[in-house]
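Notes for the one structure printed next.
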Amino acid sequence: MFGKKNEEATLYYLYMMADGEVSYSEEKIFETICKELELNQDERNSVIEKCKELVGDSAGVFDVIVKQQIDEQAGREWYGLRDASVLARIVWNLVNLGFADSFFSDEEKKIVNYLKEKWSVNLEVYQEFVDTANTILALTEQKKWIASTFSKSSARDKREKDVDVEIVQLLNDVKLTIKELTM
């Protein structure tokens, strides 16, 4: 029996499959999300197998999510109760996964836009998530540039650390936005 956390993880993994390939970066974020959902390795593997079976030779992940009502299963504990913070957290995780491979694909956008509308996620909150993900992507690229441009030194280490601090601050700002939605 799949529980609500498994259903949420199913939504994430299906979403990761939307652009045709699950990247290493997406897998790492998915692993972190599963830890936050307190899913063990067997449960994660079960979610992955379920997703592969659901998608099979299907025309698209979006259709699978809608036809199998994955969106309703993932949000059923909160949808209707209008716990905006939980639904916003799910949307943030999807946006973050979408940018993980450096490209927020049209199929990924289609899924997020559908959920954003269905769950009545505030447009300004969603835009903050997209802007934050874009900024984190740019900072990650900046960090790569620093590593390739400057020789190993304390100055390079400081620059890289400064970028890491900015990324952590952005992530903390997202968490604060999500938390404020419950107030």
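If only the Cβ of Lys and Arg carry +1 and only the Cβ of Asp and Glu carry -1, the dipole of the chain around its Cα centre is close to 460 debye. For the chain, hydrophobic long helices are taken as DSSP H runs at least 30 Å long by C-alpha position along their axis with mean Kyte-Doolittle hydropathy of 1.6 or more; none is present.
Under 5 Å from the amide H of residue 181 lies no amide H of any residue 5 or more positions distant or on a separate chain, with H modelled from the backbone and absent for Pro and chain starts. Build a GNM of the chain with springs between Cα atoms under 10 Å apart, and of 70, 90, 146 the one that fluctuates most is 146. Pairwise inverse Cα distances across the chain, averaged and inverted, put the Kirkwood hydrodynamic radius at 17.3 Å. When exposed loop sites are taken as GluC sites (Glu not before Pro) in a DSSP loop with at most 15 other Cβ atoms within 10 Å, the longest stretch of the chain clear of them is 78-183.
Taking the 1.4 Å solvent-accessible surface of the chain as the whole, the part contributed by carbon and sulfur is 50%.
Relative contact order of the chain: 25 percent, from C-alpha pairs under 8 Å at least 6 residues apart in sequence. Among 119, 145, 92, determine the one that fluctuates most according to a GNM of the chain built with springs between C-alpha atoms less than 10 Å apart. For the chain, modelled as a Gaussian network with Cα springs under 10 Å, the answer is 145.
State which entries of 5/175; 109/144; 4/116 exceed 23 angstrom in Cα-Cα distance in the structure shown. As for pairs spanning more than 23 Å Cα to Cα, those are 109/144. A DSSP coil position with no more than 10 other Cβ atoms inside 10 Å describes the following trypsin sites (Lys or Arg not before Pro) in the stretch 109-183: 152.
Local charge for residue 139 was computed over the other residues whose Cβ lies under 9 Å away, with Lys and Arg +1 and Asp and Glu -1, and equals -2. Ellipticity at 222 nm from helices only: DSSP H runs of n ≥ 4 in the chain, each -39500 (n - 2.57), divided by the residue count, give -25000 deg cm²/dmol.
Taking other residues whose beta carbon is less than 15 angstrom from the beta carbon of residue 149, and scoring Lys, Arg as +1 and Asp, Glu as -1, yields +2. Note on residue 150: accessible area approximately 60 square angstrom, rounded to 10, probe 1.4 Å, nucleic acids and ligands left out. Result for the chain in a Gaussian network model with C-alpha springs under 10 Å: among 140, 149, 132, the largest mean-square fluctuation is at 149.
Given a Förster distance of 41 Å, report the FRET efficiency between residue 49 and residue 149 from their Cβ-Cβ distance, rounded to the nearest 0.05.
Rounded to the nearest 0.05, the efficiency is 0.40.
The values are calculated or read from the model by the stated rules, or taken from the named source; none is laboratory data. Because the structure is a prediction, the values reported are computed rather than measured. Don't worry about glycine lacking a Cβ; one is built from the backbone with ideal geometry, like all the others, and counts go over all protein chains shown. We work out accessible area using only protein heavy atoms, side chains counted, and drop any ligands, DNA or RNA first. Shrake-Rupley method; radii C 1.70, N 1.55, O 1.52, S 1.80 Å.
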